[in-house]
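Q: This structure is in structure tokens; I'll ask about it shortly.
The values are calculated or read from the model by the stated rules, or taken from the named source; none is laboratory data. From a predicted model like this one, the values you see are computed outputs, not experimental measurements. Glycine also receives a Cβ, built like all others from the backbone with ideal geometry; neighbour counts cover every protein chain displayed.
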Amino acid sequence: MPLVTSKKMFQMAYKNGYAVGAFNVNNMEITQGIIQAIAEEKAPLILQVSRGAREYASNSYLTAIMNVAVKENPDIPIVTHLDHGDNFETCKQFVDDGFTSVMIDASKMPFAENIKVTKDVVKYAHDHGVVVEAELGQLGGIEEDVVGVDDVAKHLTDPNQAVEFVEKTGVDSLAVAVGTSHGAYKFKTEPKLAIDRIQEIQDKLPGFPLVMHGSSSVLREFVDLINKYGGKMPNAMGVPESAITQASKMAVCKVNIDTDLRLALTAKIRQVFAEKAGEFDPRKYLGPGRDAIKAMVKHKLHVLGCAGKAAECL
Ligand SMILES: [Zn+2]
């Protein structure tokens, strides 16, 4: 059964010190680039769909593309995941549509309300054999709005709250704020991941899988290509890959990567346009873009340590 929940994946990832890559699906080429890399590296996979992707491509198209990926790769365990579900109804819809994992993100609500809505989603999802990820804390660059060390700590996930949250909701995994941030402009200065905070949460919740959002590295080679070929991305900066590897060896079992996919595709398309000004066949620039995504994802699977781990997660 290649379409699976993340239960076994996270058990193996936790035990054997790696993280599974969760890549965002927005169109066919991106999905194919991801799946080709996964198939060659024999890695477990989480394919996820965000609200923006749903609005852009429609859920039915994205689901159809993911279903083909699942069908054509019977040896690869694949999770289909809703990224940042904003309320119970959205999560319910994705459970009903056959996704194997949903995220309820009520992290902007007060703690008690976050617990309540997460608990409701967990109840419905578990009744239908689906797993749930929730979020606690505020994602953002450590350096943002910082005047002192105490301020940094305030934005990060509180380890004691994490324990209470997990116990009261019965959630399967938890996205934590440990210094990562969404997008390509995460940090103003050298980024830092709060490894101590991961350790503190891990110590209080042994065996429980954690998730890192906003974990693209904003790879220099792509930013440079974009800037070289007419783009303008000054000061784009991400989470260093060495820190991602370190976290992957700890309780972090799922690492979300979206921005790096976008950068790889955009850099390659810009290069083709600059070098072949007469090109107007979309296959001639989307194709190379897909190849760039494949190469980038293959590299990431080694950063996360999940290359070659497909079989043990089945
Ligand atoms: Zn996210």
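Conditions (1) on the phi < 0 side of the Ramachandran plot; (2) touching a strand residue (DSSP E or B) at 6+ places or on another chain (Cβ under 9 Å), marked per residue:
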residue	(1), (2)
GLY21	yes, yes
LYS42	no, no
LEU47	yes, yes
TYR61	yes, no
ALA64	yes, no
VAL70	yes, yes
VAL79	yes, yes
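Q: All but one of (1) more than 18 Å from the chain's Cα centre (by Cα); (2) modelled with pLDDT of 95 or more hold for TYR18, so report the exception by its number.
A: (1)
Q: Right, next: Taking into account only those residues within region 41-52 that are in a loop (DSSP other than H, G, I, E, B) and at pLDDT 95 or above, which is farthest from the ligand (Cβ to nearest atom)?
A: So the residue we want is LYS42.
Q: Here is a follow-up. From the residues in region 1-40 that are among the aliphatic types (A, V, I, L, M) and in a loop (DSSP other than H, G, I, E, B), which one is nearest to PRO74 (Cα to Cα)? Outline the logic, then answer.
A: Initial filter on region 1-40 (among the aliphatic types (A, V, I, L, M)): 1, 3-4, 9, 12-13, 19-20, 22, 25, 28, 30, 34-35, 37-39.
Filter once more, keeping what is in a loop (DSSP other than H, G, I, E, B): 1, 4, 19, 25.
Numbers: MET1: 7, VAL4: 11, ALA19: 21, VAL25: 19 Å.
Per the stated criteria, the residue is MET1.
Q: Answer with yes or no whether ALA112 is within 27 Å of ILE201 (Cβ to Cβ), more than 16 Å from the ligand (Cβ to nearest atom) and small (Gly, Ala, Ser).
A: yes
Q: Among the residues in region 182-191, are any surrounded by 15 or more Cβ atoms within 10 Å (Cβ to Cβ), on the phi > 0 side of the Ramachandran plot and touching a strand residue (DSSP E or B) at 6+ places or on another chain (Cβ under 6 Å)? Let's see the steps before the verdict.
A: Taking region 182-191 as the starting set, the residues that turn out to be surrounded by 15 or more Cβ atoms within 10 Å (Cβ to Cβ) are 182, 184-187, 191.
Those still in the list that are on the phi > 0 side of the Ramachandran plot too: none.
Scanning region 182-191, I find no residue that is surrounded by 15 or more Cβ atoms within 10 Å (Cβ to Cβ), on the phi > 0 side of the Ramachandran plot and touching a strand residue (DSSP E or B) at 6+ places or on another chain (Cβ under 6 Å), so the answer is no.
Q: Quick one: would you say ALA177 is modelled with pLDDT of 95 or more, of a type in the set (Gly, Ala, Ser) and within 16 Å of the ligand (Cβ to nearest atom)?
A: no
Q: Go through region 94-109 residue by residue and tally those that are away from the ligand (no atom under 15 Å from the Cβ) and over 18 Å from LEU3 (Cα atoms).
A: 1
Condition check ((1) within 16 Å of PHE99 (Cα to Cα); (2) in contact with a His (Cβ under 7 Å, 6 or more places away or on another chain)) across all residues:
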| residue | (1), (2) |
| --- | --- |
| GLU29 | no, no |
| ALA39 | no, no |
| ALA43 | no, no |
| ILE46 | yes, yes |
| SER58 | yes, no |
| THR63 | yes, no |
| LYS71 | yes, no |
| ASP75 | no, no |
| HIS81 | yes, no |
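Q: Also: Write out, first by first residue and then by second, each pair whose Cβ atoms fall under 6 Å of each other, whose residues are 6+ apart or on separate chains, and whose first residue, in region 206-223, is more than 18 Å from PRO191 (Cα to Cα) while the second is more than 15 Å from the ligand (Cβ to nearest atom) and modelled with pLDDT of 95 or more.
A: PRO209/PHE10; PRO209/TYR14; PRO209/CYS253; LEU210/ALA251; PHE222/LEU263; PHE222/ALA264; PHE222/ALA267
Q: Which condition number does GLU190 fail, the rest of (1) modelled with pLDDT of 95 or more; (2) more than 16 Å from the ligand (Cβ to nearest atom) being met?
A: Failed condition: (1).
Q: So, one more: Which members of region 248-260 meet the condition of being buried (at least 17 other Cβ atoms within 10 Å of the Cβ) and either away from the ligand (no atom under 15 Å from the Cβ) or among the hydroxyl-bearing types (Ser, Thr, Tyr) (or both)?
A: SER248, ALA251, CYS253, THR259
Q: Being more than 16 Å from the ligand (Cβ to nearest atom), out of contact with any helix residue (DSSP H, G or I) (no Cβ under 6 Å at 6 or more places or on another chain) and in contact (Cβ under 8 Å) with a residue 24 or more places away in the chain is the filter here, so list the residues in region 232-245 that pass it.
A: ASN235, MET237, PRO240, ALA243
Q: If you don't mind, another one. Test LEU314 against the stated conditions and say whether it is at pLDDT 95 or above and within 17 Å of ILE35 (Cα to Cα).
A: no
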